[in-house]
1. Within 17 Å of VAL41 (Cα to Cα), β-branched (Val, Ile, Thr) and more than 11 Å from the ligand (Cβ to nearest atom), is that true of VAL72?
2. Being at pLDDT below 70, of a type in the set (A, V, I, L, M), away from the ligand (no atom under 14 Å from the Cβ) and closer than 22 Å to ASP54 by Cα is the requirement here; does ALA147 meet it?
3. Anything in region 1-59 that is farther than 15 Å from LEU69 by Cβ, among the small types (Gly, Ala, Ser) and not assigned by TED's automatic domain parsing to the domain that holds PRO99? List them, or say none.
Amino acid sequence: MSIRAQIINLLKDLQSKFSLTYLFIAHDLSVVRHISDRVAVMYLGRIVELAANDLLYGEPMHPYTQALLSAVPIPDPEAEEHRRAVVLTGDVPSPADPPKGCHFHTRCPVALEGRCDVDDPALLEVRPGHWAACHLITADGYPHIKAGEDSLVETAAGIKGGDE
Ligand code: SF4
């Protein structure tokens, strides 16, 4: 067992033994999934999605979360073969000088011109216990796009088409 795995297991043991609460900050989404009850995804220093572990990993809403999760390898050769990563283009902007509007709009594959580059979406509870900051996600509906599918852009095209 790797030292990292031993440390994670030790943390979990201590958590259970002493009823501890951790604020665990990491880039490794597999580890985050293993250790967390509730997960907040941040982009340029802001929370863009917040939900219980199973909700966030099972049905991610925010395009950034979906892109992140689509890049995580699946330990099942068959599922892995069908995994389609959402590749984000462009550089990560400087947090000291973030873009106007939604901070993610310069890299978001479903950004709406004239909206996302102007208005900053609020972090809203779009269903019980599930928070997201995106103009495409409302309490009435949101693009049900599973991480790894390549329908992100198609769905957005449908949404944009419906707006026209
Ligand atoms: S608000 Fe717009 S740019 Fe930001 S994540 Fe949603 S669709 Fe993408």
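The values are calculated or read from the model by the stated rules, or taken from the named source; none is laboratory data. Please read these numbers as outputs of a predicted model, since none were measured by experiment. Cβ coordinates were reconstructed from backbone atoms using ideal geometry, including for glycine residues, and neighbour counts include every protein chain displayed.
1. Numbers: within 17 Å of VAL41 (Cα to Cα): yes; β-branched (Val, Ile, Thr): yes; more than 11 Å from the ligand (Cβ to nearest atom): yes.
Taking the combined requirement at face value, the residue satisfies it.
2. Considered against the rule, which asks whether it is at pLDDT below 70, of a type in the set (A, V, I, L, M), away from the ligand (no atom under 14 Å from the Cβ) and closer than 22 Å to ASP54 by Cα, ALA147 comes out as yes.
3. Passing the criteria: SER2, ALA5, SER16, SER19.
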